[in-house]
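Worksheet for the structure shown next.
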Amino acid sequence: MSRAFDVGLESLAAVGGAALSALAANPPAAHIRESSLETPPPSDSGKAFFIETFGCQMNDHDSEKVSGVLLGRGYRAVESPAQADLVLYNTCSIREKAAQKVFARLGDWKTTSSGKIIGVLGCLAQQEGEEIFERAPWVSLVCGSASYRRLPELIAELESGGRRVTGLDLDTDETFETEITRRDNPFRAYLTIIEGCDYACAYCVVPHTRGPERSRSSDSVLAEVRRLADAGYTEIQLLGQTVNSYRDPSPRKWNFVDLLRAVADIPGIRRVRFTTSHPNDFTREIVEAIDSTPALCDHIHLPVQTGSTRVLSAMRRTYTREQYLEKVEWIRAARRPISLTTDIIIGFPGETESDFEETLSLLTAIQSDGVFAFKYSPRPNTPARDWPDAIPEGEKGRRLAILQEHQRRIQIANNELLVAKEFEVLVDAHHAARDQWAGRTTSNRIVNFTSPRSSLLGEYVQARITRGGPNSLVGEQLL
Ligand code: SAM
Ligand code: SF4
């Protein structure tokens, strides 16, 4: 798998991790309140679970919800699989390497699983189904995300001695909502508003692994955001594979912008993010809402995948290069500067050198603040899997390296322009060795900064930028 080149979303996990360990020594008030309200008291039951998550933020958040289901059933969370009675892998299969990693993990249990329940959740579970039992007979639970509503029932079956249980139905119009969600990030609360996907991009397993698109009712979203605000969260991130395709299933029939405005209006909520937006459903109204609502963060992740209309059409992306560029113009015309990040797939079947150059020229044109670039990976159950004109791995690697260098220069140049500017930062980590604090601006830029203060986690502070690097900014706190 190629490494994403970013200043944006993917490094969140690392920041979150640092924040969590720093937090153990110095928990901010928000976390204490969240723990007491959202997480049930520790169970004295003998049953313990461990869950490892692969892949995207939606998977991270699904794991938080699955943990909530288990805590509600009297399980307790443990730090290592060796201590657990129930070991779950919440998997990703978006690229081949992610799937291989999960099978390697399962292999670790070949001779040591006795007395434990091993389960596979998520995209790989849906994709491979009962074949997982063939490849790893020590696995007892295989459940795709569209069947998570059935998890309590499946777990009950295992607890009463069931040997192998599966939840593999895609045929659902329900979303996975839980009474209790164990939230791992104390600063930013994730909240799924739409699950599945109705697009049919030729390279993508998601419609097969996550099922058809279904939105959560606006009432239930708002009620959860109010609970999160009461628990002390100030930043919310709305999630969906195509988050801006949101359509309220309740009689009030809100669209995505109606929901955005209402979430931003909830007292106590200072920042609302959303990801991932599909260019086809990206409207001017979204930009207008950001412009007129300070709580809506000034960052849009809008994956383009390629700069070539010919390749976009082969990918079945439903828009052209020109249409994408028009949407970027709306963003650039906003009164507030809005940060833009995107995804690129390199080496889709048939991508020529000139298609690739169109991708480079598009990156120059849009001046994006971050790019997640991936080498194309053929996936099962996708139309493009067996297409001819495959690009050799070496050539994909060459193009990826060129693109990363191209984008690095864009980011260095743009970040240098931010020197001497001031940003509000929500502090989420402390790097003791460098004696620096770290956090994010509303535009999702990472700022590492110095401060004379000794306790800042969870606070909003003003920082002045002193240096711009390719992936982050350096600054000092304004007192
Ligand atoms: N729904 C989002 C959209 O349409 O932009 C994307 C969600 S997808 C889970 C995240 C990213 O993974 C995609 O934007 C794409 O760049 C990448 N991706 C998906 N399938 C891929 C494949 N077969 N090979 C390489 N990258 C892939
Ligand atoms: Fe996959 Fe395309 Fe759906 Fe995004 S819009 S999840 S890339 S099928």
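The values are calculated or read from the model by the stated rules, or taken from the named source; none is laboratory data. No experiment lies behind these values; they were computed from the predicted model shown. Cβ atoms come from the backbone with ideal geometry, glycine included; neighbour counts cover every protein chain shown. Please note that ligands, DNA and RNA were not included when accessible areas were found on the heavy atoms of the full protein model with its side chains. Shrake-Rupley method; radii C 1.70, N 1.55, O 1.52, S 1.80 Å.
A few notes on this one:
- On the stretch given as the range 197-238, residues that are within 12 Å of ligand 2 (Cβ to nearest atom) and within 18 Å of the chain's Cα centre (by Cα) total 9.
- Enumeration of residues in the range 281-323 that are open to solvent by less than 20 Å² (accessible area, probe 1.4 Å) and closer than 17 Å to residue 357 by Cβ: 304, 305, 306, 307, 308, 311, 312
- Residue list for the range 99-139, restricted to those being open to solvent by 10 Å² or more (accessible area, probe 1.4 Å), closer than 21 Å to residue 48 by Cβ and touching a helix residue (DSSP H, G or I) at 6+ places or on another chain (Cβ under 6 Å): 117
- Residues that are farther than 23 Å from residue 200 by Cβ and within 11 Å of ligand 1 (Cβ to nearest atom), drawn from the range 342-382: 371
- Residue within the range 175-195 that is in a loop (DSSP other than H, G, I, E, B), over 30 Å from residue 78 (Cβ atoms) and away from ligand 2 (no atom under 16 Å from the Cβ) present: no
- Evaluated against (1) touching a residue at least 60 places away in the same chain (Cβ under 8 Å); (2) more than 16 Å from ligand 1 (Cβ to nearest atom); (3) open to solvent by less than 40 Å² (accessible area, probe 1.4 Å), residue 192 falls short on exactly one condition, (2).
- The range 263-275 - residue that is open to solvent by 20 Å² or more (accessible area, probe 1.4 Å) and out of contact with any Ser or Thr (no Cβ under 7 Å at 6 or more places or on another chain) and, of those, nearest to ligand 1 (Cβ to nearest atom): 265
- Selected residue (criterion: nearest to ligand 1 (Cβ to nearest atom)) from residues of the range 305-338 that are among the aliphatic types (A, V, I, L, M) and over 30 Å from residue 294 (Cα atoms): 315
- Which numbered condition residue 84 fails, given (1) in contact (Cβ under 8 Å) with a residue 24 or more places away in the chain; (2) over 30 Å from residue 348 (Cα atoms); (3) under 25 Å from the mean Cα position of the chain (by Cα); (4) crowded, with 16+ Cβ neighbours inside 10 Å: (3)
- Test: residue 169 is part of a loop (DSSP other than H, G, I, E, B), acidic (Asp, Glu) and within 16 Å of ligand 2 (Cβ to nearest atom): no
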